[in-house]
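Derivation of every value follows stated rules applied to the coordinates shown; laboratory data play no part. Because the structure is predicted, anything quoted here is derived from the model rather than measured. Quick reminder, even Gly has a Cβ in these numbers, built from the backbone with ideal geometry, and neighbours come from all protein chains shown.
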Amino acid sequence: MRKLIIISAGLFLAAIYLVFFYAPVESVMGIVQKIFYFHLPLAFTAFFSYLVAFVCGLLYLVKKESKWDIYSAGSVEIGVVLTTLVLITGSLWARPIWNTWWTWDPRLTTSLILWLIYAAYLILRMSIEQESKRATFCAVMAIIGFVDVPIVFMSARLWRSIHPVVVKSNSIAMEPSMKLALLLAMFAFFSLWFALFRIRTSGGFLLEKIKHLENRIMEK
Amino acid sequence: MKQAWFIIKKDLMIEFRKKEALMSMLFFGFLVLVILNIATGIGSKVASSVSGGILWLAIIFSAVLGLDRIFAHENENRCIDGLLLSPIEPESIFLAKMAVNLIFMIIAEVILIPLFFILYNNEISGRLPMLIVIVMLLNLGFSSVGTLVSAMSSGIKKNDMMLPILLFPVLIPLIAATVKSTTELLGGAGVAKYSQWLYLTGAFDLIFFGSSYLLFEHVIKEG
Amino acid sequence: MKNLNFLVAAYLFIWSGLFLYLLFISGRQKKLGQKLEMLEELLKKKG
């Protein structure tokens, strides 16, 4: 685990170096564009968390083994943290570039709705004490939340294409040096994701052991 | 199918005998229509660009109240255990509960939609068939997910606000698409202008009917 | 160097957010580890 954290730290230092000293300053947006190198990997890893939660939720319902519940819960929690950062950085980017804190751009809107769905998941988790019930309900929620993603994205995009388009978010011309910096940042975030995931889930397993021990003590 | 029919009859009999759930639903929907008119200062003539939103807000809120009841009396006396012990399959329970919810929603809409047109002075002449299509598409999607989520929320004793908290975020695209197509319809646009929204609603219905149907068994066994 | 403040704010949010979360989950884990040790000792004492 410690190794994973050290690797991520190293990758991050290298990514920051590339972002600030290697990749050129974008000509139109200026220096704010450098948010992008960390905004996009945040969004990717957030989405990846929900994918993991979806798969682990399915596996839980099939196998009914508590480890899948622990994996699923851990990745949702990480996903919500990452999505929060996506929304904040997106907003800080939108303000100087498009002159608003918030645009109902399909990607931003999708992130917001995802945040709502999985924050509801976390509330659901807090509200149930009985373990098998909590695991099952949370697995179901992780599945229907993820199944909703394509529809959410489609509706957000349709909504915009009917209204006049003010801003275009996906027309960033990328030079090779920019792509390299982005790629490294991507690696750094995925390695951080696995570090967080390991720490978070090992906490879940510890809790399970504690419950087990408590039961044994009670029996005596 | 026969089993499902049996549950539908039982539930409808109970609800119509007690009536209070249906009355509360209708009353609350009407209340939302009135409050929204006063709160937005619209007065008697409403711009078609916001009318769709107002109509659906009232219907969705009243439908959530009805949804809350779907599993309520099963849980009160642990009747659900009896249902699960009986040879009735979970799939039939799902279909039956969804049908009961659909019937409730349709009753509420038959009363609330005309009230909306009266209170907000809207015209619908000749576009009624299309409105019915939109309404039914929403009803299907809403009651598919709604039945699943309601089965979950009724099993949570610690927090009785779980139903709207879990349901609304998932429903956002369905509500957005329905509001959009209703607004276009009331504004006098042709079907071509909002057919994409109708396809989206249809896709939502298909995906969520399928997944709710499959997932329901797991939920009801834990409930 | 226009809009540097937005860039700085974004980076501050990212790093402090991630760091706080890391701190939070490792703190939680440490507490759980201590509790586990305590329980194990208790179990040993009881035989």
- Apply 1/(1 + (r/R0)^6) to the Cβ-Cβ distance of B:Val133 and B:Lys18, taking R0 = 30 Å, and write down the FRET efficiency to the nearest 0.05. 0.40
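For B:Ala189 and B:Ile124, calculate 0.36 nm times their separation in residues minus their Cα-Cα distance, and state this gained length in nm to one decimal. Write out the running numbers ahead of the final one.
Working: separation 65, 0.36 × 65 = 23.40 nm, distance 1.20 nm.
Length gained between B:Ala189 and B:Ile124: 22.2 nm.
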- Where does the charge balance sit around B:Ala4 when Lys and Arg score +1, Asp and Glu -1, over other residues with C-beta under 13 Å from its C-beta? +1
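Roughly how big is the protein assembly as shown's charge dipole about its Cα centre, with Cβ charges of +1 (Lys, Arg) and -1 (Asp, Glu), in debye to the nearest 20? Could the numbers behind the result be given before it?
On the way: 45 positive and 31 negative charges, 225 e Å.
Its charge dipole is roughly 1080 debye.
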- Can you work out ³J(HN,Hα) from phi for every residue in region B:207-223, in order, using Karplus 6.51 cos²θ - 1.76 cosθ + 1.60 and θ = phi - 60°, giving whole Hz and x for Gly and Pro? 4, 7, 5, x, 5, 5, 4, 6, 7, 4, 4, 5, 5, 5, 6, 8, x
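For B:Ile107, A:Ile5, A:Ile117, which order do you get if you count the other beta carbons within 10 Å of each Cβ and list the fewest first?
Numbers: B:Ile107 14, A:Ile5 18, A:Ile117 26.
Starting with the residue having the fewest Cβ neighbours, the order is B:Ile107, A:Ile5, A:Ile117.
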- Around B:Phe61 (Cβ within 14 Å, Cβ-to-Cβ, excluding B:Phe61; K/R +1, D/E -1) the net charge comes to -2
- Task: Take every Cα-Cα pair in region B:2-222 and report what % of them are more than 30 Å apart.
- Result: 25 percent
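Run through region B:46-108 and list the trypsin sites (Lys or Arg not before Pro) located in a DSSP loop whose Cβ has at most 15 other Cβ atoms within 10 Å. Please report the intermediate quantities before stating the final value.
On the way: sites: B:Arg69, B:Arg78, B:Lys97; in loops: B:Arg78.
Sites meeting the loop and neighbour criteria: B:Arg78.
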- Can you figure out the FRET efficiency of B:Phe61 with B:Leu214, using R₀ = 35 Å and their beta-carbon distance, to the nearest 0.05? 0.80
- Item | Spherically averaged projected area of the protein assembly as shown from its Cα convex hull (nm²) | 27.7 nm²
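So, R0 is 41 Å and r is the distance between the beta-carbons of A:Arg95 and A:Leu122; what FRET efficiency does that work out to, to 0.05?
Working: r = 28 Å, r/R0 = 0.68.
The value I calculate is 0.90.
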- Most exposed first, judged by fewest Cβ atoms within 10 angstrom, B:Phe117, A:Phe197 run B:Phe117, A:Phe197
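If you put +1 on each Lys and Arg Cβ and -1 on each Asp and Glu Cβ, how big is the dipole of region B:2-222 around its Cα centre, in Debye rounded to 20?
Working: 16 positive and 16 negative charges, 58 e Å.
Result for region B:2-222 is approximately 280 debye, rounded to the nearest 20.
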- Message: Counting other C-beta atoms within 10 Å, and keeping those with at most 15, which DSSP coil GluC sites (Glu not before Pro) do you find in region B:18-124?
- Response: B:Glu123
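What GluC sites (Glu not before Pro) in region A:20-122 are in a loop by DSSP, with at most 15 other Cβ atoms within 10 Å of the Cβ? Could the numbers behind the result be given before it?
Values: sites: A:Glu26, A:Glu65, A:Glu77; in loops: A:Glu65.
When the GluC sites (Glu not before Pro) of region A:20-122 are filtered for loop state and at most 15 Cβ neighbours within 10 Å, A:Glu65 remain.
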- Long-range lysine pairs (8 or more apart or interchain), chain B, Cα under 20 Å: 15
- Item | Highest-fluctuation residue, A:Leu13, A:Leu61, A:Leu206 considered, GNM on chain A with Cα pairs under 10 Å | A:Leu206
- Query: What's the angle, to the nearest 10 degrees (0 to 90), between helix C:4-46's Cα axis and the longest principal axis of chain C?
  - Reply: 0 degrees
